[in-house]
């Protein structure tokens, strides 16, 4: 046996193995089986999430994108140009469930990896070669088919500060939290105001306040 934390990046090597090579080789043989698909591999993590969320009212579904840099790795044949010509590797889209009670990560529930051959994905219908923000609505839709027992709040960083996309998500009644530009002008209560002004008005009436829950 070997203890590991809930935030470990992978499975720890059991203490009864003499080297990590043995477990790596066994894992490769397992994953090389055509019957082992990415949607099937992700399902135990989703079931774990359902168990962890029993009794919770809300859960945060955090979405983000990461570049995996492999420009100096010559053995990989399916790397892709992520942005400029020197930016070579893979583009990873990940959705992580986070507890709304204490901020602790629960488990990843969706992933897309963009390669030169297309996407490797846990989704039943993998995305096409589309912009990051065009991936969000399908991610939201699939998340709401997972039968999670808590209400989902989708959390995305400033890359998602797009009025067009915010309206599309709102039109399908999804709950979301996006870090936006406070100077953005929006229509609110019949007038055009900055988001910062809305925040100030809500705080002055105690309709919006900081809450710390332990």
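Nothing in this text is a laboratory measurement; each read-out follows from the coordinates by a stated rule. Keep in mind the model is a prediction, meaning the values are calculated, not measured. Note that we place each Cβ from the backbone using ideal geometry, even for glycine, and neighbour counts take in every protein chain shown.
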Relative to the longest principal Cα axis of the chain, at what angle does helix 38-52 sit, 0 to 90 degrees, rounded to 10? 60 degrees
Please give the contour-minus-distance gain from residue 175 to residue 68: 0.36 nm per residue of separation, less the Cα-Cα distance, rounded to one decimal in nm. 35.6 nm
Take the alpha carbon gyration tensor of segment 143-214, find the square roots of its eigenvalues, order them as a ≥ b ≥ c, and report rounded if a/c is under 1.5; if not, report prolate when a/b exceeds b/c, else oblate. oblate
Top mean-square fluctuation among 84, 129, 170, Gaussian network model of the chain, C-alpha springs under 10 Å? 84
Mind pulling the angle between the C-alpha long axis of helix 20-31 and the longest principal axis of the chain? Nearest 10 degrees, somewhere in 0 to 90. 70 degrees
Exposure proxy order (Cβ contacts within 10 Å, fewest to most) of 145, 107, 37: 145, 37, 107
Antiparallel DSSP bridges in the chain: what percent, to the nearest 5? 75 percent
Restricting to DSSP H runs of at least four residues, report the calculated mean residue ellipticity at 222 nm for the chain, -39500 (n - 2.57) per run over all residues, nearest 500 deg cm²/dmol. -8500 deg cm²/dmol
Starting from 0.36 nm per residue, how many nanometres of slack lie between residue 200 and residue 101 once their C-alpha separation is accounted for? 33.1 nm
Using the alpha-carbon atoms, what tilt in degrees (0 to 90, nearest 10) does helix 195-204 show relative to the longest principal axis of the chain? 70 degrees
Based only on other Cβ atoms within 10 Å, what is the fewest-to-most ordering of 159, 86? 86, 159
So for the chain, averaging the separation of alpha carbon pairs under 8 Å that are six or more residues apart and normalising by length, what relative contact order in percent results? 16 percent
To the nearest 0.05, how large is the calculated FRET efficiency for residue 21 and residue 162 if R₀ is 35 Å and r is the Cβ-Cβ distance? 0.15
Using a Gaussian network for the chain with springs between C-alpha atoms less than 10 Å apart, which of these wobbles most: 97, 202, 31? 202
Can you tell me how much longer the chain between residue 153 and residue 30 gets when fully stretched, taken as 0.36 nm per residue apart minus their C-alpha distance, in nm with one decimal? 40.8 nm
Classify segment 15-93 as rounded, prolate or oblate from the Cα gyration tensor: take a ≥ b ≥ c as the square roots of its eigenvalues, call it rounded if a/c is under 1.5, otherwise prolate when a/b beats b/c and oblate if not. oblate
Of the candidate values (1) 53, 37, 36; (2) 44, 40, 36; (3) 66, 45, 28, the one computed for Cα extents along the principal axes in Å from this structure is (3)
